[in-house]
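Shown next, in structure tokens, is the structure this report addresses.
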Amino acid sequence: MPPVSQQPPTYSVELFPPKTPEGMEKLKREIAQLNSVSPGYFSVTYGAGGSTRERTFETVDWLRGHAIETAPHIACVGSARAEIREIVGRYREQGIRRLVALRGDLPSGMGGGTGGDFRYANELVSFIREEFGDTFKIEVAAYPEYHPQSGSPERDLANFKRKVEAGADAAITQYFYNPDAYFAFIESCDRVGVTLPIIPGIMPITNYTQLARFSDACGAEIPRWVRRRLEGYGDDVESLRDFGHEVVLNLCRRLIDGGAPGLHFYTMNQSGPTLRLWRDLALPLPA
Ligand code: FAD
């Protein structure tokens with residue numbers, strides 16, 4: 001049975017905070033393009049251990065300053081409670097009402113252990129609920145192909161459930177290219193009584209080398225036939241992008257037709273590939 005959502009679907013986009021002032025200027029232009037289709041919200045990533053803290057604030061401040069619905073990410077590993085309290089308090093003062101709560105992965109060079117006061121995302125969700133009640137809608141991460149560090153699918157599912165019971169309102173998935181993985185995950189969640197909206201995370205395909213590197217690191221599978229075709233395009237960027245677009249377009253269609261409660265686009269700070277999908281999927285446009 002496809003999942004049945006009670007709420008209208010949410011179509012959101014994700015950005016990362018740029019490293020340089022030039023990158024920030026470029027991002028503002030990309031945001032203007034993306035905002036032309038009025039995404040449900042813009043989420044902004046946060047480097048675990050505070051590695052992008054000020055740059056995340058700068059991006060969030062700019063979005064809020066332009067009255068754009070914003071969902072900052074918070075990654076708790078390596079952080080103290082006081083620091084998280086201060087960051088979340090700052091967002092509350094800014095009128096932000098949505099957060100993406102994560103454990104995060106400490107960047108290499110910041111120590112192998114977890115450090116800080118939090119080990120897992122469920123502890124962060126509990127902390128935000130204890131300190132800030134229902135001020136925020138909280139999204140957490142989900143892994144249809146399972147988290148690379150999880151001992152087994154069952155344990156990963158039990159840990160996901162723990163995070164949901166700590167007070168998450170919805171989840172966004174790691175990206176994947178096999179829709180069956182998503183639907184099987186939804187069924188497993190249903191079986192253990194986890195029924196919150198689980199929004200597929202969608203990664204447009206524009207650069208094979210980068211995608212292969214990310215996918216190896218985060219445990220997302222690129223189907224062999226897609227990998228082979230992408231490899232085969234070599235330097236022919238246009239053909240690679242056209243093929244990548246068709247693959248992701250078909251994926252999104254199957255997800256929507258199967259009842260997915262929205263889509264979350266990992267834009268990689270480029271508006272073009274996401275807008276092309278948005279248009280070809282005939283997703284909602286502002287009136
Ligand atoms: P958790 O839910 O804590 O899970 C991590 C691992 O620990 C899993 O294997 C899980 O099974 C296990 N586990 C969980 N709870 C327990 C428990 N109580 N006891 C034992 N084991 C447990 N990273 C960033 O640094 N910044 C970002 O902005 C960011 N944004 C993201 C957005 C999305 C939508 C997604 C899908 C990922 C994002 N990530 C981000 C990456 C994420 O931080 C990593 O995937 C990280 O390894 C896990 O984070 P989590 O919140 O899913 O962790």
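No value in this document is a laboratory result; all are computed from the given coordinates. Keep in mind the model is a prediction, meaning the values are calculated, not measured. Glycine gets a Cβ as well: all are built from the backbone with ideal geometry, and neighbour counts include every protein chain shown.
With a 10 Å cut-off between alpha carbons and a GNM built on the chain, which of 48, 184, 171 moves the most?
184
Order of 264, 245 from fewest to most other C-beta atoms within 10 Å? Numbers along the way, then the final one.
Details: 264 26, 245 17.
Ascending number of Cβ neighbours within 10 Å: 245, 264.
Amide H neighbours of residue 172 under 5 Å, counting only residues 5+ apart in sequence or on other chains, H built in-plane at 1.01 Å?
Here 140, 141, 142, 199 satisfy the definition.
Charges on Cβ only, +1 for Lys and Arg, -1 for Asp and Glu, centred on the Cα centroid of the stretch 70-182; of 127, 89, 147, which one is farthest towards the dipole's positive end?
89
Local charge sum around residue 59 (other residues, Cβ-Cβ under 13 Å, Lys/Arg +1, Asp/Glu -1)? Numbers along the way, then the final one.
Details: positive: 19, 26, 28, 53, 55, 64; negative: 14, 25, 30, 54, 58, 61.
My count for the surroundings of residue 59 gives 0.
Name the residue farthest towards the positive end of the dipole of the chain from the options 209, 158, 62, assuming +1 on Cβ of Lys and Arg, -1 on Cβ of Asp and Glu, about the Cα centre.
62
Can you give me the long-range amide H partners of residue 263? Hydrogens built in the peptide plane at 1.01 Å from N, cutoff under 5 Å, separation of 5 or more residues or another chain.
Amide H neighbours of residue 263: 10, 11, 12.
Provide Rg over Rh for the stretch 144-287; use the alpha carbon set for both Rg and the Kirkwood Rh (inverse mean inverse pair distance).
Reported Rg/Rh, Kirkwood definition of Rh: 0.98.
Determine the relative contact order of the stretch 10-280: mean sequence separation of Cα pairs under 8 Å and six or more apart, normalised by residue count, in whole percent.
Normalised by residue count, the contact order of the stretch 10-280 is 20 percent.
Where does the charge balance sit around residue 277 when Lys and Arg score +1, Asp and Glu -1, over other residues with C-beta under 11 Å from its C-beta? Don't jump to the answer; show the numbers that get you there.
On the way: positive: 253, 276, 279; negative: 246, 280.
Net charge around residue 277: +1.
Let a ≥ b ≥ c be the square roots of the eigenvalues of the Cα gyration tensor of the stretch 234-274; is it rounded (a/c under 1.5), or, if not, prolate (a/b larger than b/c) or oblate?
It is oblate, given that a/c is not under 1.5 and a/b is not larger than b/c.
What is the dipole size for the stretch 10-280, taken about its Cα centre, with +1 at each Lys and Arg Cβ and -1 at each Asp and Glu Cβ, in debye to the nearest 20?
For this selection, approximately 160 debye.
Taking amide H atoms as placed 1.01 Å from N in the peptide plane, list the residues 5 or more away in sequence, or in a different chain, whose amide H sits under 5 Å from that of residue 44.
15, 71, 73
Take every Cα pair under 8 Å in the stretch 128-281 that's 6+ residues apart, average their separations, divide by the length, and report that relative contact order as a whole percent.
Computed value for the stretch 128-281: 25 percent relative contact order.
Quick one: what do you get for the stretch 10-280 if you divide its Cα Rg by 2.2 N^0.38 Å?
Here the Cα radius of gyration is 0.98 times the empirical estimate.
Classify the stretch 3-140 as rounded, prolate or oblate from the Cα gyration tensor: take a ≥ b ≥ c as the square roots of its eigenvalues, call it rounded if a/c is under 1.5, otherwise prolate when a/b beats b/c and oblate if not.
The shape class here is oblate.
Just to confirm my numbers, what's the Cα centroid distance between the stretch 42-115 and the stretch 210-226 in Å?
26 Å
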